[in-house]
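Below is one structure; the comments refer to it alone.
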Amino acid sequence: MAAVSSASDTGDPRGRHPPERRLLILGGPKSGKTSTANSVLGDEVFDAGTETTHSNVGQTEIYGRRVTVVDTPPWVIPADPEEDAEADNDDDDDDDNAGAESDNPRPPPSLDSEGPCMGAILCPPGPHAILLVVSVTQPFTDTQRRAAEEQLGALGGGTWRYSMVLFTGVDKLPKGVFIEEHIANTGEALQWLVERCGSRYDVSSLPPSLPPSLSLSLSLSLSLSPPFDFTQEHQSSSV
């Protein structure tokens, strides 16, 4: 079950809430995703010392605006297609009649799975921005690219225009190397991710130093209107 925490309490007896912005945070294992969520919230709301196994919700108020942050479990690294093909060939050699079930396509992620869909459900009707956290200390391979693509694909069409990349651990880059050079030299997979997000990206150290007031680029992403309507997207796709 998802946990809901708050970094601030207005104590308003009338129960009125300030205008809200919702942020969904996705990323791979050890990307600095949970630390980033805490940094946006301005407090140690989530346990960054353990791997996130369930989607968690935190809320704070920044300059009179309520900000909801959803931290999700690390995205699942997809299997290598070549390895899958070899495994299928082995199965065919073992039993020619065992391929009936393997012909069925892989089912799409369910709405109640602990993945991006659950995270989107926890910030209804959907996030204003999707933050893809990538650590510069880890290689971003084509496998990682496919993982990111599957995550965004599970949420539905149109999600990429709400997404931006946050690079963590930039203080670990070699002296004199800027993030633009890192993107250019890391490979096509990372370049594809940045371009797919409309070249929207920001940087942070580990632990993240993103101030509670949010960075300029993230603030612009959160200002997109209207937000991505995950509920409507999946109601339409189920018709």
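The values are calculated or read from the model by the stated rules, or taken from the named source; none is laboratory data. As the structure is a computational prediction, the values presented were derived from the model and not from experiment. Ligands, DNA and RNA are stripped out before the accessible areas are found, and what is left, the full protein with its side chains, is counted by its heavy atoms. Shrake-Rupley method; radii C 1.70, N 1.55, O 1.52, S 1.80 Å.
Some observations on this one:
- Nearest-10 value in Å² for the accessible area of W160, using the 1.4 Å probe: 30
- Within the assembled protein chains, the solvent-accessible surface assigned to T141 is about 60 Å², based on a 1.4 Å probe.
- Between D142 and E51, full extension at 0.36 nm per residue minus the direct alpha carbon distance yields a gain of 30.5 nm.
- For F178, the accessible area of its heavy atoms, probed at 1.4 Å with every protein chain present, is near 140 square angstrom.
- Protein accessible area in region 110-178, 1.4 Å probe - carbon and sulfur %: 60
- Share of alpha-carbon pairs per 5 Å distance bin for region 139-187, given as whole %: 5, 15, 23, 21, 18, 11, 6, 2
- By accessible area with a 1.4 Å probe, ligands and nucleic acids excluded, highest first: order of S199, S55: S199, S55
- Listed residues L173, L131 arranged by accessible area, highest first, probe 1.4 Å: L173, L131
- Average accessible surface for region 151-196: 49 Å² per residue, computed with a 1.4 Å probe over protein heavy atoms with every protein chain in place.
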